[in-house]
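Following: one structure in structure tokens, then a few remarks.
A short reminder: the numbers here are calculations on the coordinates, not readings from a lab. Bear in mind that the values here come from a model prediction, so they are computed numbers and not experimental data. Neighbour counts are summed over all protein chains in view; Cβ atoms, including those assigned to glycine, are modelled from backbone coordinates with ideal geometry.
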Amino acid sequence: MKPGNNGAKILCQNLWKIFGPNPQKLIASLDHNKSKEEVLAETGNVIAVKDVSLEIREGETFVIMGLSGSGKSTLIRCINRLVEPTAGTIIVDGKEISSLSQAELREFRRKKMSMVFQHFGLLPHRNVLDNVAFGLEVQGVPKVRRRELAFQTLQLVGLKGWENSKISELSGGMQQRVGLARALAVEPEILLMDEPFSALDPLIRRQMQDEFLNMRSALNKTVLFITHDLNEALKLGDRIAIMKDGEIIQLGTSEDIVLRPVDNYVAEFVRDVSKSKVLTAQTVMEKPKAVVPGGFSLGQAHHFMTRHGFDFVFVVGDDRRLKGILLLNDAEEAVKRGINNIDEVIRLDFPESTADTAIEDLIPLIVATDIPVAVTDARRRLRGVITRTVLLEGILEKSENGNAISPAVLRGRNRIGVG
Ligand SMILES: Nc1ncnc2c1ncn2[C@@H]1O[C@H](COP(=O)(O)OP(=O)(O)O)[C@@H](O)[C@H]1O
Ligand SMILES: [Mg+2]
């Protein structure tokens, strides 16, 4: 952690941007309760960003979502100082951006962060490879090296073989891949993405979102992503800030925004969102009670199950690492056959998820089998359990007004096996 930035990669404090005849004078005397329209009508000034404070953590994808004109582009451009803020501070890696000299600023823009734009911003007379190498050229990277890096980056974005093509020969989706490759080629720590997928057809757009998610986990960059599309925000963002008239009106995770909208404006936005896309295993899972240590004999485990009325137990090692699941039917049969080694009877093949798996993706697991889903962490330690009943109750409870539950799942409710 660097001093003065609370461990944040990017920190904005009380940031303002006003476009108009006399922003500095206006800001000193401004009545904060006046709306953007009132201020414009009375003074001719446009409040594009109004008193925004936020903190973007290292490695997260932070999404700013808002309708057109809400101030998203102005905010992101303040962060790399393509736009000079009227007031407030921006600190990146502990360094205040406004204090940078022109030379430092150039260095900062080249090395620290790169930007991907909605309309690609490519150089039409250059081929694909030279577009991607452009940022490296500006940095003075020697030709051979920059071509090598550009080749590698094109491979990363799925454009291998297109190096010598003209930009005009590429579809929109491919052009945006070039835009992304150009931004990535300079190996920035921070990616600023201003509606990068908004100009693409829905199908290509979804594909780009999926690839972005894959790439993001491989690259480990801090990303500030802007969109006017709520579904895109929910899909991509670790955290989301909702902007309206230059202000951030809610900041939180997808779940926060969908389950706990702060006002009618946000509530209206999220009304049609399928809750099962946003709710995660974490929200509905229960603390596992049906757990026995790996050292138990089959007889001991069987006794434990009958005493507590469990249809199944998870079998875990010393550090709570999951070894397998023992089903009551299997245990009874094995006991009859005189087997006493639990390892011979436990099942190793059962549904498993992580805490951040969307409920939407749990439903097929639960429907396909009577065995409950084990929720485990990266080291495969048992964190929670989700049975069909728990899942259904979770969905029902969390979406009273919801449209999240598919009729097929509800029908399955009468056929509950284990749990
Ligand atoms: N250069 C400018 N001069 C005057 N007004 C501007 C300028 N750039 C943006 N604005 C105004 O600032 C507000 C926010 O714009 P913008 O940041 O582009 O929003 P978004 O990216 O969310 O669509 C809008 O009202 C817009 O008209
Ligand atoms: Mg914009």
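Numbers for the structure displayed
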| read-out | value |
| --- | --- |
| Computed Rg/Rh of the range 63-131, alpha carbon atoms with Kirkwood Rh | 1.02 |
| Whole-Hz couplings from phi, Karplus 6.51/-1.76/1.60, listed for the range 340-345; x for Gly and Pro | 10, 8, 4, 4, 6, 10 |
| V335, V144, V270, V313 arranged by Cβ crowding within 10 Å, fewest neighbours leading | V144, V335, V270, V313 |
| Percent of C-alpha pairs per 10 Å bin, the range 139-247, short to long | 12, 44, 32, 11, 2 |
| Neighbour net charge for L67 - beta-carbon separation under 10 angstrom, K R +1, D E -1 | +1 |
| Rg/Rh ratio calculated on Cα atoms of the chain (Kirkwood radius) | 1.07 |
| Among T61, S168, F134 - extreme Cα towards positive end, dipole of the chain, charges at beta-carbon | F134 |
| Two-decimal ratio, the range 281-415, of alpha-carbon radius of gyration to 2.2 N^0.38 Å | 1.10 |
| Cα radius of gyration and Dmax for the range 32-84 (Å) | 13.2, 43 |
| Estimated dipole of the chain in Debye, rounded to 20 [Cβ of Lys and Arg +1, of Asp and Glu -1, Cα centre] | 860 debye |
| Placed amide H near E60: partners under 5 Å, 5+ positions off or other chain | V223 |
| Tensor-based shape of the range 209-364 (alpha-carbon gyration tensor, a/c under 1.5 rounded, otherwise prolate or oblate) | prolate |
| Karplus-derived 3J(HN,Hα), 6.51/-1.76/1.60, for each residue of the range 240-248, Hz, glycine and proline x | 10, 10, 9, 10, 8, 6, x, 10, 8 |
| GNM flexibility winner over the chain from I257, I64, I342 (Cα, springs under 10 Å) | I342 |
| Exposure proxy ranking, count of Cβ atoms within 10 Å, fewest first, for V141, V367 | V367, V141 |
| Size of charge dipole - the range 281-415 - debye, nearest 20, with Cβ of Lys, Arg +1 and Asp, Glu -1, no other charges | 220 debye |
| Rg/Rh (Cα only; Kirkwood hydrodynamic radius) as it applies to the range 1-123 | 0.98 |
| Where trypsin sites (Lys or Arg not before Pro) fall in DSSP loop in the range 309-404, at most 10 other Cβ within 10 Å | R337, R379 |
| Efficiency of FRET between R126 and R347 - r from beta-carbon atoms, R0 56 angstrom, step 0.05 | 0.45 |
| Long-range Cα-Cα pairs in the range 221-293 (distance over 16 Å), rounded percent | 53 percent |
| Cα-based helix-to-principal-axis angle, 102-111 vs the chain, degrees rounded to 10 | 30 degrees |
| Rounded to 5, the percent of DSSP beta bridges in the chain classed as antiparallel | 60 percent |
